[in-house]
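This report refers to the structure that appears directly beneath it.
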Amino acid sequence: MEKKKKSQREQAIQTEAKPETTTQPKSETKIPLKARASKRPMWSGSVTIGLINLPVKLYPMIYDRGIVFHFLHKLDNQPLKYQKICTKDEKVVPWDEVVKGYEVAKNEYVILDKEELDAIKPESDRKIRISKFIDYFSIDPIYYHVSYILLPDKSEDAYSLLFSTLQKTNKAGVGRITLRTKEYPALVHPYKEALILTTLRYDYDVVDPRNYEELKDLKEPDATELNIAKKIVQDLSGEFDNTEFKDSYRLKVQQIIEKKIKGEKIVVEKPVQEEAKGLMVALRETLKQLEKK
């Protein structure tokens, strides 16, 4: 007796369940458009200023969310798992046999034990010691790394006092914090009724673009081109509103997923190639388009 052919819906859905127990996706699989507040702190410790101690909890604030794909076996749509394989004997290594090593020469490593690494963790692993107060906007934005939400840990009065003081003086506290295995310079500053901790990049982690030879021989732009360009910038000037932007790629992938769930056929359309134009022609045509609006 011939097996029945799978329906379009069954063929379209690739799940992590075994074929005989395949379940249909639920509506909850739809990608949320707004980041949700975490209920678990990722770090706890205290903010200290002199002899003042403010216990706090650190929560994620920034979510760099996109489409997450799982790697599946093409023949049966089953998920692939990753294993740690020893490059010498090609055997799978269990976690209790994994250690951390720093490469000092090709294929030569210095092994570091967990106890050794734990023993040298800095004070900032559990305490954010404020060393000075500065203007938050005095820092070059290129050094801003990631922001986190600081919440009081049974320290509401001290928390409120620090928040109000920083808000009224337009200042931010400078300190350090260790997250996972790295210590960061950090700012404690007010934002939307809360204290925020923003980690900073080190100066030596940022490449100076002036190091590139391609930028050393740039010629001065033509006066006419510059005037048209300045007019375009003036016509397009306005206030920044981050709610105007959406991840169009993520939304389009979500649309494809929804169509596949419904068993609809996907028509692949190639993007239209824009005609290459000379700089002056492009400037003038852009200006005309803006004048029509």
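Return yes or no: is Tyr184 part of a helix (DSSP H, G or I), assigned by TED's automatic domain parsing to the domain that holds Arg65 and within 30 Å of Gly66 (Cα to Cα)? Let's see the steps before the verdict.
Details: part of a helix (DSSP H, G or I): no; assigned by TED's automatic domain parsing to the domain that holds Arg65: yes; within 30 Å of Gly66 (Cα to Cα): yes.
Here the answer is no, as Tyr184 does not meet what is asked.
Among the candidates Lys252, Lys259, single out the residue that is loosely packed, with under 14 Cβ neighbours inside 10 Å and either in the same structural domain as Leu279 (by TED's automatic domain parsing) or within 26 Å of Tyr63 (Cβ to Cβ) (or both). The unique qualifying residue is Lys252. The number of residues in segment 42-73 that are surrounded by fewer than 17 Cβ atoms within 10 Å (Cβ to Cβ) and part of a loop (DSSP other than H, G, I, E, B) comes to 14. Contact annotation: residue pairs with Cβ atoms under 6 Å, 6 or more positions apart or on different chains, pairing a residue in segment 237-257 that is within 19 Å of Asp64 (Cβ to Cβ) with a partner that is β-branched (Val, Ile, Thr), are Arg250/Ile67; Val253/Ile67; Gln254/Ile31. Considering Tyr82, Tyr109, the condition of being assigned by TED's automatic domain parsing to the domain that holds Thr178 and either assigned to a loop (DSSP other than H, G, I, E, B) or of a type in the set (Phe, Trp, Tyr) (or both) is satisfied by Tyr109 alone. A search for C-beta distances below 9 Å between a residue of segment 35-56 that is modelled with pLDDT under 90 and any residue that is charged (D, E, K, R) and part of a loop (DSSP other than H, G, I, E, B), counting only pairs 6+ apart in sequence or on different chains, returns Ala35/Arg65.
The values are calculated or read from the model by the stated rules, or taken from the named source; none is laboratory data. Keep in mind the model is a prediction, meaning the values are calculated, not measured. Glycine also receives a Cβ, built like all others from the backbone with ideal geometry; neighbour counts cover every protein chain displayed.
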